[in-house]
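The values are calculated or read from the model by the stated rules, or taken from the named source; none is laboratory data. Since the model is a prediction, treat every value here as computed from it, not as a measurement. Note that we place each Cβ from the backbone using ideal geometry, even for glycine, and neighbour counts take in every protein chain shown. Ligands, DNA and RNA are stripped out before the accessible areas are found, and what is left, the full protein with its side chains, is counted by its heavy atoms. Shrake-Rupley method; radii C 1.70, N 1.55, O 1.52, S 1.80 Å.
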Amino acid sequence: MTTVDTVRSKHDNGLGFFAWSHNQNQVWKGSLDCISFEQGAIKDKLLALNKPCYIVKVAGKIGVTNDGYLSPLDQNTTATVELLLSVPPLRIQQLGDPNFLTFHGVKYAYVTGAMAGGIASEEMVIALGKEQILSSFGAGGLSPDRLESAINQIQQALPNGPYAFNLIHSPNEPAIERRAVDLYLKYQVRTVEASAFLDLTANIVYYRAAGLSLNASNQIEIKNKVIAKISRREVATKFLQPAPARILKELVEQGLISELQATLAAKVPMADDITVEADSGGHTDNRPLVCLLPSIIALRDEIQAQYHYEKPIRIGVAGGIGTPHSALAAFMMGAAYIMTGSINQSCVESGACEYTKKLLAQAEMADMMMAPAADMFEMGVKLQVLKRGTMFPMRAQKLYELYRAYDSIEDIPLAEREKLEKQVFRKTIAEVWEGTAAYLSQKNPEKLGKAVNNPKLKMAVIFRWYLGLSSRWSSTGEKGREVDYQIWCGPAMGGFNDWVRGSYLSEQNNRHVVDVAYQIMTGAAFLYRIQSLKIQGLQMSDYYSQYHPVHTANFSGLI
Ligand SMILES: Cc1cc2nc3c(=O)[nH]c(=O)nc-3n(C[C@H](O)[C@H](O)[C@H](O)COP(=O)(O)O)c2cc1C
């Protein structure tokens, strides 16, 4: 271990690279030939993360090497090379919580979050899973048949994982949530990403408890892992605690879980991991990560002190992660893992159409805005979408304003209605209602009955036709409807585009999810190295501290 001397002397190599001398209780030993003094070569040495990095001074010049070794200073040593600073090797597996890696059987503390409607596609989950990176399939909004087919395809490609499936809370349609749980239990899907929960439901408790048993050593075995995505302390609390006794009792009474499972469920938390979601694409509370993460970590600590779980719950982060810098910031704040979302939608493997990916690749930080959400339209819930290149957010906002201002479609002034029919729906309101009624008569006759007798609800149902379809148009690439594409996206996309500008990743056809994950994690490890050198007193120009993605044909197993 070297320590920074209180009285330091400055060394300058003339390349914008200054270092402060260390308290020298060690010397560097090795061949002078392996020391680099030239800019490009120095950068390469800093980038060699799997090797240590020694900053040395030879004949008044500062150089960098990855070779040689440190040895204790003894009286007889007369070193021609002065050791200024050193940093150890840094593998990207070292970022985050090592327990996350073992628990999920993954290589990196990096996860890709679910994106509804299969935008987080089978292809995406499989590509990442093959590299031992956890990815959550976007089950939200898909039919049970489509979900079942995704489970089959993913399990066939990844018989030993890793993969996760999204279990999204459906407040209005609990049957949908239940059907997903039934499929996950039937096919032994062992990891779910639970999201949009405001409170625990019997469905998520059923999934968790049904996977509990005692092993031969009488220890609780958790087969069904839960990663809960939250943005509020109240909801985090529910997942940090064991399942409520009331729900467990009901499940036992219904014969869905055993008495033993109910007893075990009272001893383990509802989730193994909590993803704290800050300002993200899609549904978001727009909270800043720097405020939210410490608060949830403190909450976890409080609850851990109360329950003394054998395996403490890990806290990861999502929302705004799109660069090595944001990834490193999250790890340095104590995140056990990072989750990305928006940036993956622009990748080759995403279920979004080409046109959408192109818009995403051009997006800048300020090109996003909050727009009314289809699922909770009447409640005024909003989600974060792309505004550049699409009229969706403005049109959806207009629909919400009309909904607020009038009690029925008929109350809306004729001129406004005509505008809606011509510009937004491109159909008459009567035609939209006819189509919607036909759909609801199949899917939700009860709702149809209510809408027929409630003009305000009927208006909401008509407006939601547009809000629902606009997401699908962005996935299927509906021609002629480009201006109406609803594209969920957060500022992370703009951050990513800024970072990759001028590199091969600026072209969306080069964006592969595995590569993006690798570049972000490698960049984060590199920036960590740079920051630790800076903290020790090394001053360097921007040239050395920037990490630009460089195409690596086959990075698998490199680091
Ligand atoms: C297009 C899109 C669809 C999403 N759909 C879902 C979803 O169905 N379920 C879910 O839990 N999260 C969903 N998310 C959130 C992501 O899983 C992830 O948590 C979030 O995007 C991370 O923040 P970021 O967008 O800033 O990277 C979605 C995000 C996007 C961009």
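Pull up region 218-238, narrow it to residues that are aliphatic (A, V, I, L, M) and away from the ligand (no atom under 16 Å from the Cβ), then point me to the one that is surrounded by the most Cβ atoms within 10 Å (Cβ to Cβ).
I222
Scanning region 505-530 for residues that are β-branched (V, I, T) and either without any contact (Cβ under 8 Å) to a residue 60 or more places away in the chain or over 17 Å from L47 (Cα atoms) (or both) gives V513, V514, V516.
A single entry from G502, G490, G537 fulfils the requirement of being on the phi > 0 side of the Ramachandran plot and surrounded by 13 or more Cβ atoms within 10 Å (Cβ to Cβ): G537. Only one of these conditions is not met by A175: (1) of a type in the set (G, A, S); (2) crowded, with 17+ Cβ neighbours inside 10 Å; (3) away from the ligand (no atom under 12 Å from the Cβ); (4) modelled with pLDDT under 95. Which number is it? The single condition A175 does not satisfy is (2). Being among the aliphatic types (A, V, I, L, M), away from the ligand (no atom under 16 Å from the Cβ) and open to solvent by 20 Å² or more (accessible area, probe 1.4 Å) is the requirement here; does I119 meet it? No.
The set of residues in region 380-399 that are crowded, with 21+ Cβ neighbours inside 10 Å and closer than 21 Å to D285 by Cα comprises L383, Q384, V385, L386, F392, P393, A396. The sole residue among N160, N166 that is away from the ligand (no atom under 16 Å from the Cβ) and polar (S, T, N, Q) is N160. Restrict the check to region 449-468 and report whether at least one residue is buried (at least 19 other Cβ atoms within 10 Å of the Cβ), under 18 Å from Y400 (Cβ atoms) and within 16 Å of the ligand (Cβ to nearest atom). Within region 449-468, one or more residues are buried (at least 19 other Cβ atoms within 10 Å of the Cβ), under 18 Å from Y400 (Cβ atoms) and within 16 Å of the ligand (Cβ to nearest atom).
One line per residue, one yes/no per condition, for (1) over 21 Å from the mean Cα position of the chain (by Cα); (2) within 16 Å of the ligand (Cβ to nearest atom):
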position: V348; (1), (2): no, yes
position: A374; (1), (2): yes, yes
position: R404; (1), (2): yes, no
position: D411; (1), (2): yes, no
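Among residues of region 116-128 that are in contact (Cβ under 8 Å) with a residue 40 or more places away in the chain and more than 9 Å from E349 (Cα to Cα), those with a beta-carbon under 7 Å from a residue that is within 11 Å of the ligand (Cβ to nearest atom) and open to solvent by less than 20 Å² (accessible area, probe 1.4 Å) at least six positions away or on a different chain give the pairs A116/G138; A116/G140; G117/G138; G117/G140; G118/G138; L128/T112; L128/S135.
When the helices (runs of 4 or more DSSP H) confined to region 445-559 are screened for residues that are under 19 Å from the mean Cα position of the chain (by Cα), those reaching at least 1 such residues are found at 492-500, 513-535. Scanning region 62-69 for any residue that is open to solvent by 40 Å² or more (accessible area, probe 1.4 Å), more than 16 Å from the ligand (Cβ to nearest atom) and not hydroxyl-bearing (S, T, Y) turns up at least one such residue. Does A196 satisfy the condition of being of a type in the set (A, V, I, L, M, F, W, C), open to solvent by 10 Å² or more (accessible area, probe 1.4 Å), at positive phi and within 16 Å of the ligand (Cβ to nearest atom)? When the stated conditions are applied, A196 passes them. Residues in region 26-48 that are within 16 Å of S86 (Cβ to Cβ), open to solvent by 20 Å² or more (accessible area, probe 1.4 Å) and more than 42 Å from the chain's Cα centre (by Cα): 3 in all. Do we have S143 as open to solvent by 50 Å² or more (accessible area, probe 1.4 Å) and within 16 Å of the ligand (Cβ to nearest atom) here? Against the criterion (open to solvent by 50 Å² or more (accessible area, probe 1.4 Å) and within 16 Å of the ligand (Cβ to nearest atom)), S143 qualifies.
Could you list, in sequence order, the residues of region 360-402 that are among the β-branched types (V, I, T) and under 22 Å from E421 (Cα atoms)? Result: T390, single match.
Residue-wise test of (1) under 19 Å from G282 (Cα atoms); (2) in contact (Cβ under 8 Å) with a residue 40 or more places away in the chain; (3) touching a helix residue (DSSP H, G or I) at 6+ places or on another chain (Cβ under 6 Å).
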| residue | (1), (2), (3) |
| --- | --- |
| T436 | no, no, yes |
| S441 | no, no, yes |
| E446 | no, no, no |
| P455 | no, yes, no |
| M459 | no, yes, yes |
| R472 | yes, yes, no |
| G480 | no, no, no |
| D484 | yes, yes, yes |
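Got at least one residue in region 75-85 being open to solvent by less than 20 Å² (accessible area, probe 1.4 Å), in contact with a Pro (Cβ under 8 Å, 6 or more places away or on another chain) and either over 30 Å from M540 (Cβ atoms) or not in a helix (DSSP H, G or I) (or both)? No, every residue in region 75-85 fails to be open to solvent by less than 20 Å² (accessible area, probe 1.4 Å), in contact with a Pro (Cβ under 8 Å, 6 or more places away or on another chain) and either over 30 Å from M540 (Cβ atoms) or not in a helix (DSSP H, G or I) (or both).
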